[in-house]
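The values are calculated or read from the model by the stated rules, or taken from the named source; none is laboratory data. Predicted model, so just to flag it, every value in this text is computed and none were measured. Using ideal geometry, Cβ is built from the backbone for each residue, glycine included, and neighbour counts are taken over all protein chains shown.
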């Protein structure tokens, strides 16, 4: 435990040092929130994917796959949905969003872009989107803090609450100090750490039980059923669960912390290279995460909490030094996402709510300090939400992911690719999608068992189309849309 703790301390110390080193480079809000649009292709790809996957990748997804057999098929199809969504996001959204946000008033946040794109003098898009960002990111950040609590509790036997507070404190320190550049640099290191760890653990685990033959033998002794590829109920494919799993892919189009990386790359021409890097990373890590859950079930069939399977495997399979290094992957996953979410929340409060409501300038050091204080406030509320030791990381991430996908996903796609979209359509669609998602999340039974992102996404899209067709779009908006389209060629 002392060796593992020492490795953790060194790793965390490096992250804090990066935050301190970047403190002097965040004098303006643009530098603090978007790093001056100077990310290269490698940092953009690694930061986008590391901040995307979170502690969910090493805790939530393996934990779902651990529940043989319905859980395994759910995890597989969730991974398929995420792979598809990742690719489509990089292929269609990344380059267009990078160019459009710069042409449309040099927007540095999504609410900025919505307001500039639709010439929203009423500020309704900025305020409503800012409120949704705060609500859903509090839940999302809570999932990361819950992951940290489980990590320190499982490894060191530290009380869940204290473990959560330790992880949250470190994340707060380097995020509040260093801003976007610090977050992206740490994300790159963390992405590499996660990639290596997720390859090593299932490979060694598989070898320890005798390869594929040993895996099949152990799993067959747990249940008479074969390992199911499709989720089934009463002998039939569970269509709602299958659709829900694939529906995760829709969430990508509306995740502010991922889209911010597209906006920050130094040149749109580097996006193709970033897409290749990102897809290799995602394919390998998602496949390995599902494998961890399945192999872990074969090795340790009676865990009280399936979401600890990755940690239990490491403790049993590796000596303390290697175990400590592999455990840092969980820290990396938690920290990379939580820091990105806190940063986007800070931008939303300082620029989209505080500056708008109180009519304050978005220039100068004072607004940067508002952002830093917001990071602390949002983290404090997220800690309260994650106080329950039985919090499911998968469920918390699912809630926030669905909310962003339904509220912002259609908004982004129609904003980038539909010339006829209007301000009333945008406002109505965003509100309808977010409200539908929240309503569906709180219902259960029958059709309400489908993942809420799907009805939310459909309702939002339908409202955007219907309201936009009933209202007029100003010529200056269509002219700007046409200029962005021409800039791609």
query = What are the residue pairs meeting all of these: first residue in region 287-305, first residue on the phi < 0 side of the Ramachandran plot and free of Cβ contacts under 8 Å to residues at least 40 places away in the same chain, second residue surrounded by fewer than 22 Cβ atoms within 10 Å (Cβ to Cβ) and not in a loop (DSSP other than H, G, I, E, B), Cβ atoms under 9 Å, and 6 or more apart or on different chains?
reply = 300/312; 300/316
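Scan region 65-82 residue by residue and report those that are part of a helix (DSSP H, G or I), at pLDDT 75 or above and more than 11 Å from residue 291 (Cα to Cα).
Hits for region 65-82 are 77, 78, 79, 80, 81, 82.
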query = Does residue 99 qualify as being modelled with pLDDT of 85 or more and under 17 Å from residue 252 (Cα atoms)?
reply = no
query = Within the group 459, 453, 465, which residue is at pLDDT 95 or above and surrounded by 20 or more Cβ atoms within 10 Å (Cβ to Cβ)?
reply = 459
key: Criterion (within 22 Å of the chain's Cα centre (by Cα), in a helix (DSSP H, G or I), surrounded by fewer than 21 Cβ atoms within 10 Å (Cβ to Cβ) and touching a residue at least 24 places away in the same chain (Cβ under 8 Å)) met by exactly one of 327, 279   = 279
task = Name every residue in region 117-132 that is surrounded by 18 or more Cβ atoms within 10 Å (Cβ to Cβ) and assigned to a loop (DSSP other than H, G, I, E, B), in order of residue number.
result = 118
ask   = Would you say residue 179 is modelled with pLDDT of 80 or more and more than 16 Å from the chain's Cα centre (by Cα)?
value = no
remark   = The residue that is modelled with the lowest pLDDT, considering only those in region 404-414 that are surrounded by 24 or more Cβ atoms within 10 Å (Cβ to Cβ) and either over 19 Å from residue 452 (Cα atoms) or within 12 Å of the chain's Cα centre (by Cα) (or both), is 404
key: Residue selected from region 380-395 under the condition within 18 Å of the chain's Cα centre (by Cα), assigned to a helix (DSSP H, G or I) and surrounded by fewer than 24 Cβ atoms within 10 Å (Cβ to Cβ), by the criterion modelled with the highest pLDDT   = 383
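I'd like the residue in region 142-174 that is in contact with a helix residue (DSSP H, G or I) (Cβ under 8 Å, 6 or more places away or on another chain) and in a loop (DSSP other than H, G, I, E, B) and, out of all such residues, is surrounded by the most Cβ atoms within 10 Å (Cβ to Cβ).
The extreme case among them is 158.
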Residue that is nearest to residue 283 (Cα to Cα) [pool: residues in region 94-116 that are out of contact with any helix residue (DSSP H, G or I) (no Cβ under 6 Å at 6 or more places or on another chain) and part of a helix (DSSP H, G or I)] = 102
message = Residues that are closer than 20 Å to residue 128 by Cα: list the helices (runs of 4 or more DSSP H) wholly contained in region 404-489 that include at least 2 such residues.
response = 423-441, 453-469
query = Can you find a residue in region 221-239 that is out of contact with any strand residue (DSSP E or B) (no Cβ under 8 Å at 6 or more places or on another chain), surrounded by 12 or more Cβ atoms within 10 Å (Cβ to Cβ), at pLDDT 80 or above and in a helix (DSSP H, G or I)?
reply = no
